[in-house]
Amino acid sequence: MNAVIRFDIRTSMRFQKRKNPIFDKILLGITKSANGGMIWILTGLLLIAIPAYRSSGIFFFQVLASTAVVNNVILKSAFMRKRPCDLFQKIPVLIKRPHGSSFPSGHTAVSFGCACALCAICLPVGIFALCLAAIIGFTRIYFFVHFFTDVMFGILSGMTTAMICILLLF
């Protein structure tokens, strides 16, 4: 486990040394779009608003809710890992300091869960959503609120939860 922690710290510090004001602004907008699952809630509402996709929108919200509960309630409570910004408080954080534990990344898990759901609903839109989810995951490391392994496990957990929902509900 020490090797994983050392890897996470080294990776996080490398990102902190390579910050760029232009990237800061672009990535800030992207990471904020995922706060509270907002981009995904709006996507689900759009699906529900289109009569032909109403049942897909309901399914989408089931995936979103399942992924949020699995990651933000169950897993975060079980692991209680400190965030990099809490461990290294002298390094400035460019976004509002989040509360709660770090592992797994909830932003990433929900984003990948929703992107997988969109792949099942409409593959071209889902592929775009997967790219957006990857960028959202990256922003969490970039803004020093998650370690690399938090994001990687968020991807795995979000996609796994979505796949289970697809098998059971879609």
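The values are calculated or read from the model by the stated rules, or taken from the named source; none is laboratory data. Keep in mind that what you see is a predicted model, and the values were worked out from it rather than measured. Cβ sites come from the backbone with ideal geometry, for glycine too, and all protein chains shown count toward neighbours. Note: accessible area is taken over every heavy atom of the protein model, side chains too, but ligands, DNA and RNA are not part of it. Shrake-Rupley method; radii C 1.70, N 1.55, O 1.52, S 1.80 Å.
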Problem set entry | Selected residue (criterion: nearest to GLY113 (Cα to Cα)) from residues of the range 21-34 that are free of Cβ contacts under 8 Å to residues at least 60 places away in the same chain and open to solvent by 50 Å² or more (accessible area, probe 1.4 Å) | ILE26
Exercise. Has the range 103-111 got any residue that is hydrophobic (A, V, I, L, M, F, W, C) and out of contact with any Phe, Trp or Tyr (no Cβ under 9 Å at 6 or more places or on another chain)?
Worked result: no
Exercise. Does MET159 fit the bill of being under 15 Å from the mean Cα position of the chain (by Cα) and within 23 Å of ASN2 (Cβ to Cβ)?
Worked result: no
Seminar exercise, completed: By my count, helices (runs of 4 or more DSSP H) wholly in the range 33-132 with at least 3 residues that are hydroxyl-bearing (Ser, Thr, Tyr) are 54-68
For this session: Pull up the range 54-95, narrow it to residues that are among the hydrophobic types (A, V, I, L, M, F, W, C) and open to solvent by less than 20 Å² (accessible area, probe 1.4 Å), then point me to the one that is farthest from GLY126 (Cα to Cα).
Result: CYS85
